Amino acid sequence: METEYNTLRDEILQLLQKRDEYTRFAYTVIAAIWTAAFAIENAYVVLLGMFILMPIAIRVTDAIYSAGNIAAYLSVFLESKMDIKWETLNYEYRKAHNRKRKVMLRYISGRADFVMLQSLNALIFWIYRGTPPFENLLFDSMVIVVQLLIILSACYQCYRSAVVDTKREENIKNWQEFKRNLEGGEK
């Protein structure tokens, strides 16, 4: 049982490392895209970065959700049988303190990398493009709509990452129900 606990704790740490690696990769890719766009003097290359960041942001959110799911499993199945209560106590502590506005703002800001990068992509595109905005009204309007949708998507991923404890509460309930069904089926 202790081996399973340690293995799953290691998996949580690996998921959190992946989250950090994805974020570093996103910064690296965006810096390379901006460099290429400036080197070839083509602002439209910057738009490519906006599309590349979308799946990376989703992967970051998935890693955070997966870590929370494993933590919920540890709380329900293993910690109840062991003297180790880290996941449960950490969750209860965060639940008690994260509902405050300042703390929530800090969590959201701490996960706002992709919102910031997407916003910078849009800003750099419009500044660097070289032609007056709305010279081609239809095309420029479509570009703005696409950029806004991508930025809103990044905001949504940021929010989902920041409120992962809400999902964790649901995961704990689901694991508890699953455990009750297992125990009911064994009798």
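The values are calculated or read from the model by the stated rules, or taken from the named source; none is laboratory data. Here the structure is a predicted model, which means the values were calculated and not measured. Note that we place each Cβ from the backbone using ideal geometry, even for glycine, and neighbour counts take in every protein chain shown. The area values use the complete protein model at the heavy-atom level, side chains included, leaving out ligands, DNA and RNA. Shrake-Rupley method; radii C 1.70, N 1.55, O 1.52, S 1.80 Å.
Anything in region 159-187 that is open to solvent by less than 30 Å² (accessible area, probe 1.4 Å) and touching a residue at least 60 places away in the same chain (Cβ under 8 Å)? List them, or say none. Let's see the steps before the verdict.
The first filter runs over region 159-187 and keeps only residues open to solvent by less than 30 Å² (accessible area, probe 1.4 Å), leaving 161-165, 168, 171-172.
Across region 159-187, the qualifying residues are S161, V164, D165, R168, N171, I172.
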### Residue check for N69: under 17 Å from R168 (Cα atoms), modelled with pLDDT under 85 and either crowded, with 18+ Cβ neighbours inside 10 Å or not β-branched (V, I, T) (or both)
no
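Could you identify the single residue in E11, E4 that is over 20 Å from A154 (Cα atoms), in a helix (DSSP H, G or I), in contact with a helix residue (DSSP H, G or I) (Cβ under 7 Å, 6 or more places away or on another chain) and without any contact (Cβ under 8 Å) to a residue 60 or more places away in the chain? Break it down stepwise before answering.
Values: E4 fails: without any contact (Cβ under 8 Å) to a residue 60 or more places away in the chain.
Only one candidate passes the filter, namely E11.
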### Task
Filter region 137-148 for residues that are surrounded by 12 or more Cβ atoms within 10 Å (Cβ to Cβ) and more than 16 Å from V46 (Cβ to Cβ) and give the result.
none
### Task
Test each condition in (1) of a type outside the set (A, V, I, L, M, F, W, C); (2) more than 13 Å from the chain's Cα centre (by Cα); (3) surrounded by 15 or more Cβ atoms within 10 Å (Cβ to Cβ) for H97 and report the one that comes out false.
(3)
## Note on the structure
Selection from region 36-66 of residues more than 20 Å from D113 (Cα to Cα), open to solvent by less than 20 Å² (accessible area, probe 1.4 Å) and part of a helix (DSSP H, G or I) yields A37
### Message
Which numbered condition in (1) touching a helix residue (DSSP H, G or I) at 6+ places or on another chain (Cβ under 6 Å); (2) over 26 Å from I33 (Cβ atoms); (3) open to solvent by 40 Å² or more (accessible area, probe 1.4 Å) is the only one that I108 fails?
### Response
(2)
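With respect to I144, is the statement that it is within 30 Å of T7 (Cβ to Cβ) and not polar (S, T, N, Q) true?
On the way: within 30 Å of T7 (Cβ to Cβ): no; not polar (S, T, N, Q): yes.
Against the criterion (within 30 Å of T7 (Cβ to Cβ) and not polar (S, T, N, Q)), I144 does not qualify.
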### Query
Taking into account only those residues within region 72-90 that are of a type in the set (S, T, Y) and buried (at least 20 other Cβ atoms within 10 Å of the Cβ), which is nearest to the chain's Cα centre (by Cα)?
Y73
### Query
Looking at (1) β-branched (V, I, T); (2) open to solvent by 80 Å² or more (accessible area, probe 1.4 Å); (3) modelled with pLDDT of 95 or more, which is the only condition I33 fails?
(2)
### Query
Scanning region 14-47 for residues that are in contact (Cβ under 8 Å) with a residue 24 or more places away in the chain and among the small types (G, A, S), which turns out nearest to E79 (Cα to Cα)?
A26
### Message
Just to verify a result, which residue in region 126-171, among those that are over 19 Å from the mean Cα position of the chain (by Cα), of a type outside the set (D, E) and at pLDDT below 85, is farthest from Y27 (Cα to Cα)?
### Response
N136
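For L123, state whether it is open to solvent by less than 40 Å² (accessible area, probe 1.4 Å) and modelled with pLDDT of 90 or more.
On the way: open to solvent by less than 40 Å² (accessible area, probe 1.4 Å): no; modelled with pLDDT of 90 or more: yes.
Judged against the criteria, L123 is not a match.
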